[in-house]
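Taking it in order: structure first as structure tokens, then the write-up.
Each value in this text was obtained by applying a stated rule to the coordinates, not by laboratory testing. Just so we're clear, the structure is a prediction, and the values are computed from it rather than from any experiment. Backbone-built Cβ (ideal geometry, glycine too); neighbour counts: all protein chains shown.
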Amino acid sequence: MFSNKSFRYGLMAASLFGLLQAATASAAPPIFKDLQLDAAKTSAKQGGKFLVIDFTASWCGPCHRMDETTWVDPAVKKWMDENAIAIQIDVDKERDTASKMKIAAMPSVVVFSPKDDNKEFDRQVGYQTGTELLKWLGGVKKGETSIDMLRHDLEGYFGKGGTDEVNARHKLAATQARAGNYEDSTEHFIWLWQNMEKHDPKLGSVRVTFLAKELENLAKHSPAAKQKLVEMRNDAEGKNVLDFIVLNEILGQSERTLAWYDKAKDDRSQLATLQKYNFRLEPLLINAGKWKDAAIMYPDALAELDKRAEFAKVMRETMKARLGKYDPFTQGAGRLYAILLSAGRNSDAKKVAAAALKKTDSPDMKRELVLYAIDAGQARKDMFEWTKGDDELTEQLRDYLKQKAVKVPSKHN
């Protein structure tokens, strides 16, 4: 079935699918024994060795990188020969084992200790170089977990500030959270929220994106952390608009942001603030069906379109490998067009559509303009003039209208 979302991300999905299809199953690196889990446990126990399990998947890029680099590193092979039995488990082929071991991401390397009847001692998640893996395994051999080692690392940077302390705290907090030690990680995550941008201004965008997602996960698992975040949100209200917006998103309370917006939109002195944070506010308004209200942020619609074109250009230049042929400008133009129609600014909407098609006259642009208009309840018959000559696109758009149970008016003014 045709869907708005599938078309917006279709090119990206197609590229990813191609990569996945290209990834063919290959033999495990020689470092891994051809043993089932129970047999590997027995062998490790009899030899008084650690059992190292690499949980992998055929579609996991970092897993393939470790196969090609880390697991063929001579120093890693030497350590394994002397200290461990290593096996590799494909999570898709051994789902029950992966589930019992609570494997949530790949690669995950799990170590069982010979000193405790082969019970799990520690694990690491994510790509590791040979040097990083050996540092961790060296600590494991001395009876130190990764959290123990990261605590020691942080001691060397604690209170000194700068990027080193930021990185050390984040590594420890993230590792504690993955291990389910949410209460222990709270102090460091909160410190990062309050301090990371002060110590490294370049991390401002990381703070309100990746760190925000980690705080959202933290709030779900730690009542104490959630209460602290509520207090921080309350303190930010009226003082720090961006923190107020993002903390509301973290807490799942964006209705508070919308309530603030309802008051701010009628205050001309707040226009600059609304425009400054439109990249956070626009998605919230659209998700709440407040398309018309979003138009307040764009008194100069063509100037806003130019900003979106420039932003998309930067994205394409910095994320070319990930975006492939996908052009984020088509989404930005489609949203702006639908917002203007919703506000009854038909003349501005026509100008934006014409300018967008002049910049990028492609089926993707035409598709996004129509799809967003449909989503906003602003479908127009004359929009299909853009798709003349492209029967497939026209039919796809009409199918989407049927899915939405939308009847198309004759024309807009």
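Values computed for the structure shown
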{"read-out": "Amide H contacts of F121 (H built 1.01 Å from N, under 5 Å, at least 5 apart or other chain)", "value": "V111, F112, S113"}
{"read-out": "Antiparallel content of DSSP bridges confined to the chain, in %, to 5", "value": "60 percent"}
{"read-out": "Partners for K265 among lysines (Cα-Cα distance below 20 Å; same-chain residues under 8 apart left out)", "value": "K239, K276, K290, K292"}
{"read-out": "Overall form of the range 94-145 per C-alpha gyration tensor (a/c, 1.5; a/b vs b/c)", "value": "oblate"}
{"read-out": "Given charges at beta-carbon only (K, R positive; D, E negative), |dipole| of the chain in Debye", "value": "1040 debye"}
{"read-out": "For the range 269-413: rounded, prolate or oblate by the Cα gyration tensor [a/c cutoff 1.5]", "value": "oblate"}
{"read-out": "Mean-position separation - Cα centroids, the range 141-177 and the range 44-103, in angstrom", "value": "25 Å"}
{"read-out": "Among the listed pairs K77/K213; K213/K350; K102/K404; K77/K115; K119/K226; K359/K381, those beyond 30 Å (Cα-Cα)", "value": "K77/K213; K213/K350; K102/K404; K119/K226"}
{"read-out": "Listed candidates (1) 32.0; (2) 20.1; (3) 24.1 - label of the one calculated as mean projected area of the Cα convex hull in nm²", "value": "(3)"}
{"read-out": "Local net charge near T394, Cβ-Cβ under 11 Å (Lys/Arg +1, Asp/Glu -1)", "value": "-2"}
{"read-out": "Packing-based exposure ordering (other Cβ within 10 Å, fewest first) of H152, H199", "value": "H152, H199"}
{"read-out": "Using θ = phi - 60° and Karplus 6.51 cos²θ - 1.76 cosθ + 1.60, couplings along the range 64-73 (whole Hz; Gly, Pro as x)", "value": "5, 4, 5, 4, 7, 10, 4, 6, 10, 5"}
{"read-out": "Test item: Cα-centred dipole of the range 27-144, Lys/Arg +1 and Asp/Glu -1 on Cβ, debye", "value": "300 debye"}
{"read-out": "Gyration tensor verdict on the range 25-84 (Cα atoms; rounded if a/c is under 1.5, prolate if a/b is larger than b/c, oblate otherwise)", "value": "oblate"}
{"read-out": "Estimated [θ] at 222 nm from DSSP helical runs (n ≥ 4, -39500 (n - 2.57)) normalised by residues in the chain, nearest 500", "value": "-19000 deg cm²/dmol"}
